[in-house]
Protein chains: 2
Amino acid sequence: MDTAPLAFSRHNHSHCVSDALDAATTLCTERGARLTPLRKQVLELIWQSHKPLGAYAILDQLAAQATKPVAPPTVYRALDFLLEQKLIHRIGALNAYIGCPHPDHHHASHFLLCDDCGRAEEIHSKSVSRSIQKAASEAGFTVQSQSLEVFGLCPDCSPQDKHDA
Amino acid sequence: MDTAPLAFSRHNHSHCVSDALDAATTLCTERGARLTPLRKQVLELIWQSHKPLGAYAILDQLAAQATKPVAPPTVYRALDFLLEQKLIHRIGALNAYIGCPHPDHHHASHFLLCDDCGRAEEIHSKSVSRSIQKAASEAGFTVQSQSLEVFGLCPDCSPQDKHDA
DNA sequence: ACGAATATGTTATACTATAACTATCTTTGG
DNA sequence: CCAAAGATAGTTATAGTATAACATATTCGT
């Protein structure tokens, strides 16, 4: 199935990167937003893995690639842009950032985060979204954004699930 | 109804505070955990409102009440204790802490957070919990903890809902 | 090419959190 | 009761995360 979970499965990761960069380029063009070389570089760094990446880890890698020193605002401004364009999500519990695999349609930030290997997988469950929306409505609350961070063990890092089940 | 949403409704807040402190005292006694004066003081400060409170806001208020200067570790250690005992929750998106109204039974951290007035209300929806658990299971993921932060407008701060609906 | 708007560079600083060590208090076993 | 062990709190320093404010450079429409 084409919407299968990916982060926790074996896959050719270079496709993730190229797909994400292509999608970002297309979307920004459509929106009249400027995906500058710097912003693209930051997005690519974030997509180097499925593990949320901290701003200063990005900064260090940028600095390593650049000839001039790089300062925090450079990174944070790129992150702000990517967040605005919904090309990345912020994982609040980790102060870290991760690429959005489906930036073309807006959606909430719902992630499974492995405590062991650090990988994150975005989930898209109508049932989760609907139940959250319903609970909020019942409280008279108007939802504007939401963030779900589920911590635990991914299939690869679960001791039993893979073979016993 | 006794399980009605509270934070977004008018209520006698002194009851929230005394209930929370009483519950904390009882639970800690049962568990053999020591709710020291400092920890109780921090818990009370957190319960001064239904708005998540930052560590340094707590620090400032502690310092104002104390004769000696207060240093960050004093606050963070108290927060760590309260978090361990599940007497408070941490709101990752805000780097802030809020009292748990039902510390007696463990549960995930699910909050509605008003962008306008800053108040937070904990929600307890079986439907939300179940759908999250189900989505995780289907991905082969073993849940250990979860945090849901829903931002938007509370009933008081919504322009229409209260009167038009 | 020109001016306005956007993006980036630069410096400084604010905010959040923890490490490491010391001192004090509490509990418990003798 | 006292001493040892363990838990709590004080103290100092520093690490980690994020933004303010201002200067410079680039891009875009005209």
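With respect to B:His89, is the statement that it is under 17 Å from B:Leu43 (Cβ atoms) and within 12 Å of another protein chain (Cβ to nearest Cβ) true?
For B:His89, the condition - under 17 Å from B:Leu43 (Cβ atoms) and within 12 Å of another protein chain (Cβ to nearest Cβ) - is met.
Can you confirm whether A:Gln144 is loosely packed, with under 14 Cβ neighbours inside 10 Å and farther than 23 Å from A:Thr26 by Cα?
Working: loosely packed, with under 14 Cβ neighbours inside 10 Å: yes; farther than 23 Å from A:Thr26 by Cα: yes.
Yes: the conditions hold for A:Gln144.
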- Do we have any residue at all in the range B:37-54 that's within 12 Å of DNA strand C (Cβ to nearest atom), more than 14 Å from chain A (Cβ to nearest Cβ) and over 13 Å from the mean Cα position of the chain (by Cα)? yes
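Go through the range A:48-59 and give me each residue that's in a loop (DSSP other than H, G, I, E, B) and either near DNA strand D (Cβ under 9 Å from one of its atoms) or open to solvent by 80 Å² or more (accessible area, probe 1.4 Å) (or both). Please lay out each step first, then the result.
Restricting attention to the range A:48-59, the residues satisfying the condition of being in a loop (DSSP other than H, G, I, E, B) are A:48-52.
If the condition is that a residue be in a loop (DSSP other than H, G, I, E, B) and either near DNA strand D (Cβ under 9 Å from one of its atoms) or open to solvent by 80 Å² or more (accessible area, probe 1.4 Å) (or both), then A:Gln48, A:Lys51 are the ones that fit.
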- Query: Before we move on, is B:Arg31 among the charged types (D, E, K, R) and in contact with a helix residue (DSSP H, G or I) (Cβ under 8 Å, 6 or more places away or on another chain)?
  - Reply: no
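Consider A:Ala120 carefully, then state whether it is within 16 Å of DNA strand D (Cβ to nearest atom), surrounded by fewer than 15 Cβ atoms within 10 Å (Cβ to Cβ) and of a type in the set (A, V, I, L, M, F, W, C). Give the steps one after another, and end with the answer.
On the way: within 16 Å of DNA strand D (Cβ to nearest atom): yes; surrounded by fewer than 15 Cβ atoms within 10 Å (Cβ to Cβ): no; of a type in the set (A, V, I, L, M, F, W, C): yes.
The answer is no for A:Ala120.
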- Answer residue from the range A:60-107, given it is open to solvent by 30 Å² or more (accessible area, probe 1.4 Å) and of a type in the set (A, V, I, L, M) and is nearest to DNA strand C (Cβ to nearest atom) among those: A:Ala71
- Under the condition of being under 18 Å from B:Ala78 (Cβ atoms) and touching a strand residue (DSSP E or B) at 6+ places or on another chain (Cβ under 9 Å), which residue from the range B:4-23 is surrounded by the most Cβ atoms within 10 Å (Cβ to Cβ)? B:Ala20
- Query: Is at least one residue of the range B:124-145 touching a Pro at 6+ places or on another chain (Cβ under 6 Å), more than 8 Å from chain A (Cβ to nearest Cβ) and over 15 Å from A:Ser145 (Cα atoms)?
  - Reply: no
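So that you can scan it fast, the table gives a plain yes or no per residue for (1) near DNA strand D (Cβ under 10 Å from one of its atoms); (2) part of a loop (DSSP other than H, G, I, E, B); (3) free of Cβ contacts under 8 Å to residues at least 12 places away in the same chain; (4) among the small types (Gly, Ala, Ser):
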site: B:Ala7; (1), (2), (3), (4): no, yes, no, yes
site: B:Ser14; (1), (2), (3), (4): no, no, yes, yes
site: B:Val17; (1), (2), (3), (4): no, no, no, no
site: B:Ala20; (1), (2), (3), (4): no, no, no, yes
site: B:Thr29; (1), (2), (3), (4): no, no, yes, no
site: B:Arg34; (1), (2), (3), (4): yes, yes, yes, no
site: B:Arg39; (1), (2), (3), (4): yes, no, no, no
site: B:Val42; (1), (2), (3), (4): yes, no, no, no
site: B:Lys68; (1), (2), (3), (4): yes, yes, yes, no
- Among A:His105, A:His110, which is of a type outside the set (S, T, N, Q), away from DNA strand D (no atom under 14 Å from the Cβ) and more than 13 Å from chain B (Cβ to nearest Cβ)? A:His105
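The values are calculated or read from the model by the stated rules, or taken from the named source; none is laboratory data. Computed from a predicted model, the values in this text were never measured in an experiment. Quick reminder, even Gly has a Cβ in these numbers, built from the backbone with ideal geometry, and neighbours come from all protein chains shown. The protein model used for the area step is the full one, side chains on, heavy atoms only, and it has no ligands, DNA or RNA in it. Shrake-Rupley method; radii C 1.70, N 1.55, O 1.52, S 1.80 Å.
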